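Colleague: Below: one structure in C-alpha coordinates.
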Amino acid sequence: MTRTIVEPERRTPVIAEPDVLVVGGGAAGIAAACAAARGGARTMLVEAWGCLGGTLTLVTLGGFCGTHMVVDDERLGRVVGGLYLELEGRLAARDALLPPRRHGRILGVPYESASLKLVADEMVAAHGVRVLLHTGAVAAQTDGSRVTAVIVENKGGRAAIAPRVVIDASGDADVAARAGADFALGEEGTTQYASTMFRLGGVDTAVAGELTRPQIRELLERAVADGYPLPRTTTGVHVNPLEGVVHLNVTKLTNPDGEPFLLVDPEQLSEAERVGRQQVKLYEEVFRRYVPGFGRARVIDIGARVGVRETRLVRGDGVLTEAHVRGCVKPDDRIACSSWPLELHGKGRATTWEFLPDGEWYGLPWACLVVAGFDNLLVAGRNLSAEHAAQASARVAGPCVAMGEAAGTAAAMSLSAGGAVRSVAVEALQRNLRRAGAVLDPVAEPG
Ligand SMILES: Cc1cc2nc3c(=O)[nH]c(=O)nc-3n(C[C@H](O)[C@H](O)[C@H](O)COP(=O)(O)OP(=O)(O)OC[C@H]3O[C@@H](n4cnc5c(N)ncnc54)[C@H](O)[C@@H]3O)c2cc1C
(Lines give C-alpha, C1' and ligand atoms only; values in the text may rest on other atoms or scores of the structure.)
Protein backbone atom coordinates (compact mmCIF):
# COMPACT_ATOMS: atom_id res chain seq x y z
CA MET A 1 0.00 0.00 0.00
CA THR A 2 1.32 3.46 -0.92
CA ARG A 3 1.69 5.73 2.12
CA THR A 4 -0.54 8.80 1.81
CA ILE A 5 -0.76 12.21 3.43
CA VAL A 6 -3.78 14.51 3.75
CA GLU A 7 -3.29 17.95 2.21
CA PRO A 8 -4.89 20.83 4.09
CA GLU A 9 -8.16 22.13 2.65
CA ARG A 10 -7.62 25.32 0.69
CA ARG A 11 -9.54 27.97 -1.23
CA THR A 12 -8.62 27.89 -4.92
CA PRO A 13 -9.01 31.12 -6.92
CA VAL A 14 -11.15 30.98 -10.04
CA ILE A 15 -8.94 32.72 -12.58
CA ALA A 16 -11.22 32.50 -15.61
CA GLU A 17 -14.78 31.63 -16.60
CA PRO A 18 -14.61 31.17 -20.38
CA ASP A 19 -17.40 29.73 -22.47
CA VAL A 20 -15.08 27.03 -23.77
CA LEU A 21 -11.91 25.72 -22.19
CA VAL A 22 -9.58 23.68 -24.38
CA VAL A 23 -6.95 21.67 -22.52
CA GLY A 24 -3.88 20.89 -24.62
CA GLY A 25 -2.49 22.92 -27.50
CA GLY A 26 -1.54 20.17 -29.96
CA ALA A 27 -2.95 19.67 -33.45
CA ALA A 28 -6.41 18.99 -32.05
CA GLY A 29 -6.34 21.67 -29.37
CA ILE A 30 -5.21 24.48 -31.67
CA ALA A 31 -8.03 23.67 -34.09
CA ALA A 32 -10.59 23.20 -31.31
CA ALA A 33 -9.76 26.58 -29.78
CA CYS A 34 -9.75 28.43 -33.11
CA ALA A 35 -13.05 26.85 -34.14
CA ALA A 36 -14.75 27.60 -30.82
CA ALA A 37 -13.60 31.22 -30.94
CA ARG A 38 -14.65 31.50 -34.60
CA GLY A 39 -18.09 30.29 -33.49
CA GLY A 40 -18.39 33.21 -31.08
CA ALA A 41 -17.33 31.49 -27.83
CA ARG A 42 -15.05 33.21 -25.36
CA THR A 43 -12.35 30.60 -25.59
CA MET A 44 -9.37 29.78 -23.41
CA LEU A 45 -6.59 27.33 -24.23
CA VAL A 46 -4.27 25.97 -21.55
CA GLU A 47 -1.08 24.16 -22.48
CA ALA A 48 1.40 22.43 -20.17
CA TRP A 49 4.48 23.38 -22.20
CA GLY A 50 5.81 26.75 -23.40
CA CYS A 51 4.65 26.54 -27.01
CA LEU A 52 1.72 25.24 -29.01
CA GLY A 53 1.81 22.32 -31.41
CA GLY A 54 2.15 19.36 -29.03
CA THR A 55 3.52 16.42 -31.00
CA LEU A 56 3.93 18.66 -34.06
CA THR A 57 6.47 20.92 -32.36
CA LEU A 58 7.60 19.33 -29.09
CA VAL A 59 8.17 15.88 -30.53
CA THR A 60 8.73 17.15 -34.12
CA LEU A 61 7.45 15.29 -37.16
CA GLY A 62 8.68 14.84 -40.70
CA GLY A 63 5.41 16.07 -42.09
CA PHE A 64 1.64 16.23 -41.75
CA CYS A 65 0.08 12.85 -42.49
CA GLY A 66 -3.51 11.90 -43.10
CA THR A 67 -4.29 14.97 -45.16
CA HIS A 68 -4.93 13.20 -48.48
CA MET A 69 -6.16 9.88 -49.77
CA VAL A 70 -4.04 8.30 -52.47
CA VAL A 71 -6.28 7.28 -55.36
CA ASP A 72 -3.76 6.10 -57.97
CA ASP A 73 -0.45 7.23 -59.48
CA GLU A 74 -2.04 10.41 -60.83
CA ARG A 75 -4.82 11.27 -58.42
CA LEU A 76 -5.09 12.31 -54.78
CA GLY A 77 -8.04 13.54 -52.75
CA ARG A 78 -8.01 15.89 -49.79
CA VAL A 79 -9.57 14.35 -46.68
CA VAL A 80 -8.96 17.35 -44.42
CA GLY A 81 -9.67 21.02 -45.15
CA GLY A 82 -10.90 23.89 -42.97
CA LEU A 83 -8.45 25.07 -40.32
CA TYR A 84 -5.81 22.63 -41.52
CA LEU A 85 -5.59 24.64 -44.73
CA GLU A 86 -5.22 27.83 -42.71
CA LEU A 87 -2.30 26.24 -40.86
CA GLU A 88 -0.72 25.12 -44.14
CA GLY A 89 -1.23 28.58 -45.65
CA ARG A 90 0.45 30.29 -42.72
CA LEU A 91 3.42 27.89 -42.92
CA ALA A 92 3.69 28.35 -46.68
CA ALA A 93 3.78 32.14 -46.20
CA ARG A 94 6.91 31.61 -44.07
CA ASP A 95 8.40 29.26 -46.66
CA ALA A 96 8.17 26.50 -44.06
CA LEU A 97 6.16 23.95 -46.04
CA LEU A 98 7.09 21.65 -48.92
CA PRO A 99 4.68 20.15 -51.47
CA PRO A 100 3.20 16.75 -50.49
CA ARG A 101 5.73 13.92 -50.85
CA ARG A 102 4.73 10.38 -51.63
CA HIS A 103 6.36 7.50 -49.80
CA GLY A 104 4.89 4.52 -51.65
CA ARG A 105 1.19 4.44 -50.84
CA ILE A 106 1.30 7.17 -48.23
CA LEU A 107 1.84 10.86 -48.44
CA GLY A 108 3.22 13.48 -46.07
CA VAL A 109 3.41 17.26 -46.19
CA PRO A 110 6.82 18.31 -44.79
CA TYR A 111 6.85 21.37 -42.56
CA GLU A 112 9.42 23.12 -40.42
CA SER A 113 8.63 22.64 -36.74
CA ALA A 114 10.16 25.87 -35.34
CA SER A 115 8.04 27.86 -37.77
CA LEU A 116 5.00 25.95 -36.64
CA LYS A 117 5.50 27.32 -33.13
CA LEU A 118 5.37 30.87 -34.52
CA VAL A 119 2.46 30.15 -36.82
CA ALA A 120 0.42 28.48 -34.07
CA ASP A 121 0.81 31.58 -31.88
CA GLU A 122 -0.34 33.78 -34.76
CA MET A 123 -3.26 31.55 -35.63
CA VAL A 124 -4.82 31.34 -32.15
CA ALA A 125 -4.29 35.09 -31.69
CA ALA A 126 -5.99 35.82 -35.01
CA HIS A 127 -9.04 33.85 -33.88
CA GLY A 128 -9.15 35.64 -30.51
CA VAL A 129 -8.24 32.68 -28.27
CA ARG A 130 -6.91 33.47 -24.79
CA VAL A 131 -3.85 31.27 -24.25
CA LEU A 132 -2.18 30.31 -20.99
CA LEU A 133 1.07 28.42 -21.51
CA HIS A 134 3.06 26.51 -18.89
CA THR A 135 -0.24 25.59 -17.30
CA GLY A 136 -1.20 21.99 -16.69
CA ALA A 137 -4.66 20.66 -15.93
CA VAL A 138 -4.30 18.52 -12.82
CA ALA A 139 -7.84 17.85 -11.60
CA ALA A 140 -11.48 18.30 -12.52
CA GLN A 141 -14.48 19.14 -10.38
CA THR A 142 -17.83 17.76 -11.35
CA ASP A 143 -21.42 18.21 -10.34
CA GLY A 144 -23.19 15.09 -11.45
CA SER A 145 -22.61 14.85 -15.18
CA ARG A 146 -21.18 18.38 -15.62
CA VAL A 147 -17.54 19.36 -15.35
CA THR A 148 -17.80 22.55 -13.32
CA ALA A 149 -14.12 23.43 -13.03
CA VAL A 150 -10.74 22.33 -14.26
CA ILE A 151 -7.98 22.76 -11.71
CA VAL A 152 -4.69 23.92 -13.17
CA GLU A 153 -1.20 24.38 -11.79
CA ASN A 154 1.45 26.78 -13.02
CA LYS A 155 4.09 29.12 -11.64
CA GLY A 156 1.34 31.06 -9.88
CA GLY A 157 0.30 27.96 -7.93
CA ARG A 158 -3.04 26.22 -8.13
CA ALA A 159 -6.11 27.81 -9.70
CA ALA A 160 -9.50 26.90 -11.11
CA ILE A 161 -11.01 27.64 -14.49
CA ALA A 162 -14.79 27.36 -14.61
CA PRO A 163 -15.95 27.00 -18.23
CA ARG A 164 -19.33 26.06 -19.69
CA VAL A 165 -17.82 23.45 -22.01
CA VAL A 166 -14.52 21.59 -21.78
CA ILE A 167 -12.63 20.07 -24.70
CA ASP A 168 -10.00 17.60 -23.61
CA ALA A 169 -7.28 17.70 -26.27
CA SER A 170 -4.49 16.67 -23.91
CA GLY A 171 -3.69 13.56 -25.94
CA ASP A 172 -3.77 11.54 -22.72
CA ALA A 173 -7.36 12.40 -21.79
CA ASP A 174 -6.08 13.91 -18.54
CA VAL A 175 -9.21 15.94 -17.83
CA ALA A 176 -11.67 13.21 -18.75
CA ALA A 177 -9.79 10.66 -16.64
CA ARG A 178 -9.65 13.00 -13.66
CA ALA A 179 -13.34 13.80 -14.03
CA GLY A 180 -14.04 10.08 -13.74
CA ALA A 181 -14.73 9.18 -17.37
CA ASP A 182 -14.20 5.61 -18.50
CA PHE A 183 -11.23 4.95 -20.71
CA ALA A 184 -9.18 2.09 -22.12
CA LEU A 185 -5.40 1.91 -22.13
CA GLY A 186 -4.64 0.57 -25.56
CA GLU A 187 -5.55 -3.05 -26.06
CA GLU A 188 -5.78 -4.81 -22.73
CA GLY A 189 -3.27 -2.37 -21.25
CA THR A 190 -0.78 -2.63 -24.12
CA THR A 191 -0.35 0.55 -26.11
CA GLN A 192 1.60 1.30 -29.25
CA TYR A 193 5.32 1.76 -28.82
CA ALA A 194 6.59 5.33 -28.48
CA SER A 195 9.48 6.92 -30.39
CA THR A 196 11.91 9.73 -29.77
CA MET A 197 12.15 11.86 -32.88
CA PHE A 198 15.26 13.63 -34.10
CA ARG A 199 16.74 15.58 -36.97
CA LEU A 200 20.09 15.14 -38.61
CA GLY A 201 21.93 18.01 -40.26
CA GLY A 202 24.83 17.84 -42.70
CA VAL A 203 22.99 15.30 -44.85
CA ASP A 204 23.40 15.05 -48.60
CA THR A 205 19.65 15.19 -49.17
CA ALA A 206 19.96 14.70 -52.93
CA VAL A 207 21.24 11.20 -52.19
CA ALA A 208 19.40 10.46 -48.95
CA GLY A 209 16.06 11.75 -50.22
CA GLU A 210 16.04 9.16 -53.00
CA LEU A 211 16.34 6.17 -50.67
CA THR A 212 13.25 4.00 -50.51
CA ARG A 213 11.93 2.38 -47.34
CA PRO A 214 12.99 -1.12 -48.48
CA GLN A 215 16.51 0.16 -49.24
CA ILE A 216 16.83 1.75 -45.81
CA ARG A 217 15.48 -1.39 -44.18
CA GLU A 218 18.09 -3.50 -45.93
CA LEU A 219 20.91 -1.18 -44.82
CA LEU A 220 19.71 -1.09 -41.22
CA GLU A 221 19.25 -4.88 -41.14
CA ARG A 222 22.88 -5.13 -42.26
CA ALA A 223 23.84 -3.08 -39.19
CA VAL A 224 21.77 -5.43 -37.02
CA ALA A 225 23.61 -8.40 -38.53
CA ASP A 226 26.87 -6.64 -37.61
CA GLY A 227 25.75 -6.47 -33.99
CA TYR A 228 24.03 -3.09 -33.64
CA PRO A 229 20.99 -3.64 -31.36
CA LEU A 230 18.56 -1.55 -33.42
CA PRO A 231 15.00 -1.91 -32.17
CA ARG A 232 13.53 -0.88 -35.51
CA THR A 233 14.67 -1.01 -39.11
CA THR A 234 11.69 0.37 -41.02
CA THR A 235 11.60 4.06 -41.68
CA GLY A 236 11.51 6.67 -44.40
CA VAL A 237 13.79 9.66 -44.79
CA HIS A 238 11.77 12.83 -44.31
CA VAL A 239 13.50 15.68 -46.09
CA ASN A 240 13.02 18.95 -44.21
CA PRO A 241 12.37 22.39 -45.74
CA LEU A 242 15.78 23.37 -44.25
CA GLU A 243 18.76 22.56 -46.45
CA GLY A 244 20.75 19.46 -45.55
CA VAL A 245 18.31 18.44 -42.82
CA VAL A 246 16.30 15.25 -42.56
CA HIS A 247 13.90 14.07 -39.94
CA LEU A 248 13.93 10.46 -38.76
CA ASN A 249 11.16 8.50 -37.10
CA VAL A 250 13.07 5.29 -36.43
CA THR A 251 13.45 4.70 -32.70
CA LYS A 252 11.21 2.29 -30.79
CA LEU A 253 11.17 2.61 -27.02
CA THR A 254 10.93 -0.59 -25.03
CA ASN A 255 11.23 -1.68 -21.45
CA PRO A 256 13.98 -4.23 -20.73
CA ASP A 257 11.36 -6.99 -21.10
CA GLY A 258 10.52 -5.77 -24.60
CA GLU A 259 7.12 -4.35 -23.62
CA PRO A 260 6.15 -0.77 -24.51
CA PHE A 261 6.39 1.96 -21.89
CA LEU A 262 3.11 2.94 -20.24
CA LEU A 263 3.38 6.67 -20.72
CA VAL A 264 0.85 7.89 -18.19
CA ASP A 265 3.09 6.37 -15.51
CA PRO A 266 5.58 9.08 -14.44
CA GLU A 267 8.47 6.66 -13.80
CA GLN A 268 7.93 4.98 -17.17
CA LEU A 269 7.69 8.33 -18.94
CA SER A 270 10.93 9.48 -17.38
CA GLU A 271 12.77 6.26 -18.30
CA ALA A 272 11.38 6.39 -21.84
CA GLU A 273 12.99 9.81 -22.34
CA ARG A 274 16.39 8.45 -21.30
CA VAL A 275 16.10 5.32 -23.46
CA GLY A 276 14.96 7.39 -26.42
CA ARG A 277 18.01 9.64 -26.34
CA GLN A 278 20.31 6.61 -26.10
CA GLN A 279 18.69 5.22 -29.22
CA VAL A 280 19.18 8.53 -31.06
CA LYS A 281 22.91 8.22 -30.38
CA LEU A 282 22.92 4.67 -31.71
CA TYR A 283 21.03 5.55 -34.90
CA GLU A 284 23.28 8.56 -35.55
CA GLU A 285 26.27 6.21 -35.61
CA VAL A 286 24.53 3.62 -37.76
CA PHE A 287 23.23 6.12 -40.32
CA ARG A 288 26.69 7.68 -40.63
CA ARG A 289 28.27 4.25 -41.18
CA TYR A 290 25.71 2.44 -43.30
CA VAL A 291 23.42 4.85 -45.15
CA PRO A 292 24.49 6.81 -48.26
CA GLY A 293 24.22 10.57 -47.90
CA PHE A 294 24.66 10.45 -44.10
CA GLY A 295 28.47 10.15 -43.86
CA ARG A 296 28.85 13.62 -42.29
CA ALA A 297 25.47 13.77 -40.55
CA ARG A 298 25.08 15.02 -36.97
CA VAL A 299 22.11 15.13 -34.64
CA ILE A 300 20.96 18.75 -34.54
CA ASP A 301 17.68 18.36 -32.72
CA ILE A 302 15.99 15.83 -30.45
CA GLY A 303 12.29 16.18 -29.64
CA ALA A 304 11.75 18.03 -26.36
CA ARG A 305 9.65 15.12 -25.23
CA VAL A 306 9.16 11.52 -26.19
CA GLY A 307 6.62 10.92 -28.98
CA VAL A 308 3.56 9.24 -27.51
CA ARG A 309 1.30 7.44 -29.94
CA GLU A 310 -1.29 6.10 -27.57
CA THR A 311 -2.30 6.23 -23.93
CA ARG A 312 -5.87 6.65 -22.65
CA LEU A 313 -8.68 6.23 -25.13
CA VAL A 314 -11.82 7.76 -23.67
CA ARG A 315 -15.12 5.90 -23.76
CA GLY A 316 -17.53 8.02 -25.77
CA ASP A 317 -21.17 7.75 -26.79
CA GLY A 318 -19.75 5.88 -29.77
CA VAL A 319 -16.48 4.05 -30.31
CA LEU A 320 -14.48 4.13 -33.55
CA THR A 321 -14.00 0.44 -34.15
CA GLU A 322 -11.41 -1.45 -36.15
CA ALA A 323 -14.23 -2.91 -38.27
CA HIS A 324 -15.46 0.62 -39.04
CA VAL A 325 -12.02 1.69 -40.26
CA ARG A 326 -11.35 -1.47 -42.25
CA GLY A 327 -14.87 -1.34 -43.72
CA CYS A 328 -14.41 2.31 -44.81
CA VAL A 329 -17.72 3.15 -43.17
CA LYS A 330 -19.09 6.60 -43.96
CA PRO A 331 -21.60 7.25 -41.18
CA ASP A 332 -24.26 9.94 -41.53
CA ASP A 333 -22.98 11.63 -38.36
CA ARG A 334 -19.39 12.00 -39.60
CA ILE A 335 -17.56 15.15 -38.57
CA ALA A 336 -14.16 14.34 -40.09
CA CYS A 337 -12.58 11.87 -42.50
CA SER A 338 -9.45 9.76 -42.66
CA SER A 339 -7.86 7.45 -45.16
CA TRP A 340 -4.66 6.82 -43.26
CA PRO A 341 -3.65 3.16 -42.94
CA LEU A 342 -3.74 1.26 -39.67
CA GLU A 343 -0.16 2.13 -38.74
CA LEU A 344 0.71 -0.15 -35.86
CA HIS A 345 3.95 0.25 -33.98
CA GLY A 346 3.92 -3.10 -32.22
CA LYS A 347 6.47 -5.74 -31.36
CA GLY A 348 9.47 -6.47 -33.61
CA ARG A 349 11.72 -4.33 -35.79
CA ALA A 350 9.07 -3.59 -38.41
CA THR A 351 6.02 -1.31 -38.37
CA THR A 352 2.77 -2.80 -39.67
CA TRP A 353 0.96 -0.78 -42.30
CA GLU A 354 -2.49 -2.01 -43.26
CA PHE A 355 -3.81 0.15 -46.08
CA LEU A 356 -7.38 0.97 -46.97
CA PRO A 357 -8.16 0.25 -50.62
CA ASP A 358 -6.84 2.96 -52.97
CA GLY A 359 -9.16 5.97 -53.07
CA GLU A 360 -11.04 4.83 -49.96
CA TRP A 361 -11.72 6.62 -46.70
CA TYR A 362 -13.92 6.42 -43.62
CA GLY A 363 -15.86 8.98 -41.59
CA LEU A 364 -15.23 9.72 -37.92
CA PRO A 365 -18.55 9.70 -36.05
CA TRP A 366 -19.55 12.69 -33.90
CA ALA A 367 -20.36 10.25 -31.08
CA CYS A 368 -16.62 9.45 -30.73
CA LEU A 369 -15.97 12.97 -29.45
CA VAL A 370 -18.78 13.03 -26.87
CA VAL A 371 -17.59 11.64 -23.53
CA ALA A 372 -20.02 9.08 -22.13
CA GLY A 373 -21.70 10.15 -18.91
CA PHE A 374 -20.87 13.86 -19.21
CA ASP A 375 -23.03 16.74 -20.51
CA ASN A 376 -20.36 19.33 -21.29
CA LEU A 377 -17.20 17.39 -22.04
CA LEU A 378 -15.78 16.61 -25.49
CA VAL A 379 -12.52 15.00 -26.56
CA ALA A 380 -10.53 15.56 -29.74
CA GLY A 381 -7.30 14.17 -31.12
CA ARG A 382 -5.43 11.02 -30.35
CA ASN A 383 -7.39 10.42 -27.14
CA LEU A 384 -10.69 10.04 -29.00
CA SER A 385 -13.07 7.20 -28.24
CA ALA A 386 -11.64 4.41 -30.36
CA GLU A 387 -10.42 0.88 -30.34
CA HIS A 388 -6.66 0.39 -30.30
CA ALA A 389 -6.31 -0.58 -33.99
CA ALA A 390 -8.74 2.12 -35.14
CA GLN A 391 -6.81 4.79 -33.26
CA ALA A 392 -3.70 3.60 -35.14
CA SER A 393 -5.32 5.12 -38.23
CA ALA A 394 -7.18 8.13 -36.78
CA ARG A 395 -4.31 9.51 -34.65
CA VAL A 396 -2.23 11.30 -37.32
CA ALA A 397 -2.14 15.07 -37.63
CA GLY A 398 -4.74 15.59 -40.38
CA PRO A 399 -7.64 13.83 -38.67
CA CYS A 400 -6.60 15.30 -35.28
CA VAL A 401 -6.93 18.85 -36.67
CA ALA A 402 -10.29 17.94 -38.22
CA MET A 403 -11.56 16.41 -34.98
CA GLY A 404 -10.47 19.52 -33.10
CA GLU A 405 -12.27 21.76 -35.57
CA ALA A 406 -15.44 19.71 -35.15
CA ALA A 407 -15.24 19.69 -31.35
CA GLY A 408 -14.63 23.45 -31.17
CA THR A 409 -17.44 24.22 -33.60
CA ALA A 410 -19.83 21.99 -31.65
CA ALA A 411 -18.78 23.47 -28.30
CA ALA A 412 -19.64 26.98 -29.52
CA MET A 413 -22.96 25.76 -30.91
CA SER A 414 -23.86 24.11 -27.59
CA LEU A 415 -23.68 27.39 -25.69
CA SER A 416 -27.24 28.31 -26.58
CA ALA A 417 -28.23 25.21 -24.58
CA GLY A 418 -25.94 26.06 -21.66
CA GLY A 419 -23.09 23.95 -22.98
CA ALA A 420 -25.05 20.70 -23.29
CA VAL A 421 -23.07 19.15 -26.11
CA ARG A 422 -25.73 16.58 -27.01
CA SER A 423 -28.11 19.45 -27.84
CA VAL A 424 -26.09 20.04 -31.01
CA ALA A 425 -27.86 18.71 -34.09
CA VAL A 426 -25.23 16.88 -36.09
CA GLU A 427 -26.71 18.11 -39.41
CA ALA A 428 -26.26 21.72 -38.26
CA LEU A 429 -22.73 20.93 -37.10
CA GLN A 430 -21.91 19.41 -40.48
CA ARG A 431 -23.38 22.47 -42.26
CA ASN A 432 -21.14 24.77 -40.21
CA LEU A 433 -18.10 22.59 -40.82
CA ARG A 434 -18.70 22.45 -44.58
CA ARG A 435 -19.22 26.22 -44.67
CA ALA A 436 -15.79 26.58 -43.01
CA GLY A 437 -14.21 24.38 -45.67
CA ALA A 438 -14.02 21.09 -43.79
CA VAL A 439 -13.99 17.98 -45.97
CA LEU A 440 -16.77 15.51 -45.25
CA ASP A 441 -16.99 14.03 -48.77
CA PRO A 442 -13.49 13.58 -50.21
CA VAL A 443 -13.17 13.62 -54.00
CA ALA A 444 -10.33 12.49 -56.24
CA GLU A 445 -8.35 15.19 -58.05
CA PRO A 446 -5.25 15.23 -60.21
CA GLY A 447 -2.36 15.03 -57.68
C1 LIG B 1 6.71 9.29 -32.74
C2 LIG B 1 5.52 9.81 -33.46
C3 LIG B 1 5.60 10.05 -34.82
C4 LIG B 1 4.52 10.55 -35.50
N5 LIG B 1 4.66 10.85 -36.81
C6 LIG B 1 3.67 11.51 -37.43
C7 LIG B 1 3.86 12.07 -38.72
O8 LIG B 1 4.92 11.97 -39.32
N9 LIG B 1 2.81 12.75 -39.27
C10 LIG B 1 1.63 12.89 -38.63
O11 LIG B 1 0.72 13.52 -39.16
N12 LIG B 1 1.43 12.37 -37.43
C13 LIG B 1 2.42 11.71 -36.80
N14 LIG B 1 2.23 11.27 -35.53
C15 LIG B 1 0.91 11.35 -34.92
C16 LIG B 1 0.41 12.75 -34.63
O17 LIG B 1 1.34 13.72 -34.80
C18 LIG B 1 -0.17 12.92 -33.26
O19 LIG B 1 -0.92 11.81 -32.88
C20 LIG B 1 -1.07 14.14 -33.25
O21 LIG B 1 -0.31 15.28 -33.60
C22 LIG B 1 -1.67 14.25 -31.90
O23 LIG B 1 -2.28 15.50 -31.73
P24 LIG B 1 -3.12 15.79 -30.43
O25 LIG B 1 -3.43 17.23 -30.47
O26 LIG B 1 -4.24 14.82 -30.31
O27 LIG B 1 -2.17 15.43 -29.20
P28 LIG B 1 -0.73 15.99 -28.79
O29 LIG B 1 0.06 16.37 -29.95
O30 LIG B 1 -0.18 14.98 -27.86
O31 LIG B 1 -1.06 17.32 -28.00
C32 LIG B 1 -1.54 17.32 -26.70
C33 LIG B 1 -1.14 18.62 -26.06
O34 LIG B 1 -1.70 18.69 -24.75
C35 LIG B 1 -0.72 19.10 -23.82
N36 LIG B 1 -1.10 18.53 -22.54
C37 LIG B 1 -1.06 17.24 -22.17
N38 LIG B 1 -1.54 17.08 -20.94
C39 LIG B 1 -1.89 18.31 -20.51
C40 LIG B 1 -2.46 18.78 -19.31
N41 LIG B 1 -2.77 17.96 -18.30
N42 LIG B 1 -2.68 20.12 -19.19
C43 LIG B 1 -2.38 20.97 -20.20
N44 LIG B 1 -1.83 20.56 -21.36
C45 LIG B 1 -1.61 19.24 -21.52
C46 LIG B 1 0.57 18.56 -24.38
O47 LIG B 1 1.69 19.25 -23.87
C48 LIG B 1 0.37 18.75 -25.88
O49 LIG B 1 0.78 20.01 -26.30
C50 LIG B 1 3.29 10.76 -34.82
C51 LIG B 1 3.21 10.52 -33.47
C52 LIG B 1 4.31 10.05 -32.77
C53 LIG B 1 4.20 9.84 -31.33
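Colleague: I need the full set of residues from region 365-389 which are part of a helix (DSSP H, G or I) and within 16 Å of the ligand (Cβ to nearest atom), in order please.
Modeller: C368, H388, A389
Colleague: Additional query: Quick one: P100 ticks every box in (1) more than 10 Å from the ligand (Cβ to nearest atom); (2) surrounded by 23 or more Cβ atoms within 10 Å (Cβ to Cβ) bar one, so which box is it?
Modeller: Result: P100 fails condition (2) only.
Colleague: Restricting attention to region 81-93, does a residue exist that is assigned to a loop (DSSP other than H, G, I, E, B) and more than 29 Å from I300 (Cβ to Cβ)?
Modeller: yes
Colleague: May I ask you to list the residues in region 162-172 that are out of contact with any Gly (no Cβ under 6 Å at 6 or more places or on another chain), in a strand (DSSP E or B) and away from the ligand (no atom under 11 Å from the Cβ)?
Modeller: V166
Colleague: Picking from V175, V150, V138, which residue would you name as being surrounded by fewer than 19 Cβ atoms within 10 Å (Cβ to Cβ) and either within 11 Å of the ligand (Cβ to nearest atom) or not in a loop (DSSP other than H, G, I, E, B) (or both)?
Modeller: V138
Colleague: Give me the pairs, please: first residue somewhere in region 180-200 and free of Cβ contacts under 8 Å to residues at least 12 places away in the same chain, second residue anywhere and among the β-branched types (V, I, T), beta-carbon distance under 8 Å, and either six or more positions apart or on two chains.
Modeller: none
Colleague: Quick check, is P256 farther than 30 Å from D226 by Cβ and either touching a Pro at 6+ places or on another chain (Cβ under 7 Å) or assigned to a loop (DSSP other than H, G, I, E, B) (or both)?
Modeller: Spelling it out, it is not the case that P256 is farther than 30 Å from D226 by Cβ and either touching a Pro at 6+ places or on another chain (Cβ under 7 Å) or assigned to a loop (DSSP other than H, G, I, E, B) (or both).
Colleague: Still on this structure, please answer the following. If you check L45, L61, L21, which single one turns out to be in the same structural domain as L97 (by TED's automatic domain parsing) and within 22 Å of L97 (Cβ to Cβ)?
Modeller: Only one candidate passes the filter, namely L61.
Colleague: Scan region 290-312 and tell me whether some residue there is in a helix (DSSP H, G or I), closer than 20 Å to Q192 by Cβ and either hydroxyl-bearing (S, T, Y) or modelled with pLDDT under 95 (or both).
Modeller: So far as region 290-312 goes, no, none of its residues is in a helix (DSSP H, G or I), closer than 20 Å to Q192 by Cβ and either hydroxyl-bearing (S, T, Y) or modelled with pLDDT under 95 (or both).
Colleague: Another question, then. Restricting attention to region 415-440, report how many residues are without any contact (Cβ under 8 Å) to a residue 60 or more places away in the chain and within 23 Å of the chain's Cα centre (by Cα).
Modeller: 1
Colleague: Out of the residues in region 300-338 meeting the condition of being closer than 30 Å to N240 by Cα and among the hydrophobic types (A, V, I, L, M, F, W, C), tell me which one is farthest from the ligand (Cβ to nearest atom).
Modeller: The selected residue is I300.
Colleague: Right, something else. Residues being away from the ligand (no atom under 14 Å from the Cβ) and among the aliphatic types (A, V, I, L, M): count how many of those fall in region 17-44.
Modeller: Of the residues in region 17-44, 4 are away from the ligand (no atom under 14 Å from the Cβ) and among the aliphatic types (A, V, I, L, M).
Colleague: Taking A438 as the residue in question, decide whether it is at pLDDT 95 or above and either outside the structural domain of V109 (by TED's automatic domain parsing) or among the hydrophobic types (A, V, I, L, M, F, W, C) (or both).
Modeller: Criteria met by A438.
Colleague: Next question. Report, by residue number, each residue of region 178-198 that is outside any helix (DSSP H, G or I), in contact with a strand residue (DSSP E or B) (Cβ under 7 Å, 6 or more places away or on another chain) and either within 11 Å of the ligand (Cβ to nearest atom) or of a type outside the set (A, V, I, L, M) (or both).
Modeller: Residues satisfying the conditions are G180, F183, T190, T191, Q192, Y193, A194, S195, T196, M197, F198.
Colleague: Okay, moving on. How many residues does region 342-359 contain that are surrounded by 16 or more Cβ atoms within 10 Å (Cβ to Cβ) and of a type in the set (D, E)?
Modeller: Count: 1.
Colleague: State which residue is surrounded by the most Cβ atoms within 10 Å (Cβ to Cβ) when the search covers only region 45-55 and only residues that are within 6 Å of the ligand (Cβ to nearest atom) and in a loop (DSSP other than H, G, I, E, B).
Modeller: The residue in question is E47.
Colleague: State yes or no: is V124 under 29 Å from P260 (Cα atoms) and assigned to a helix (DSSP H, G or I)? If you could, list the steps in order and put the result at the bottom.
Modeller: Values: under 29 Å from P260 (Cα atoms): no; assigned to a helix (DSSP H, G or I): yes.
So V124 does not fit the description; no.
Colleague: For residues that are away from the ligand (no atom under 15 Å from the Cβ) and either surrounded by fewer than 17 Cβ atoms within 10 Å (Cβ to Cβ) or within 15 Å of A28 (Cα to Cα) (or both), tally how many sit in region 56-81.
Modeller: So the answer is 5.
Colleague: Show the residue pairs meeting these rules: Cβ distance below 7 Å; 6+ apart or different chains; first residue within region 364-390 and within 27 Å of Y193 (Cα to Cα); second residue acidic (D, E) and part of a strand (DSSP E or B).
Modeller: V379/D168; N383/D168; H388/E187
Colleague: Checking the conditions here, which among W366, W353 is aromatic (F, W, Y) and either over 30 Å from E112 (Cα atoms) or modelled with pLDDT of 95 or more (or both)?
Modeller: Criteria check complete, one pass: W366.
The values are calculated or read from the model by the stated rules, or taken from the named source; none is laboratory data. The structure presented is a predicted model; accordingly, all values stated were derived computationally and were not measured. As a convention, Cβ positions derive from the backbone with ideal geometry for all residues, glycine included, and neighbour counts pool all protein chains shown.
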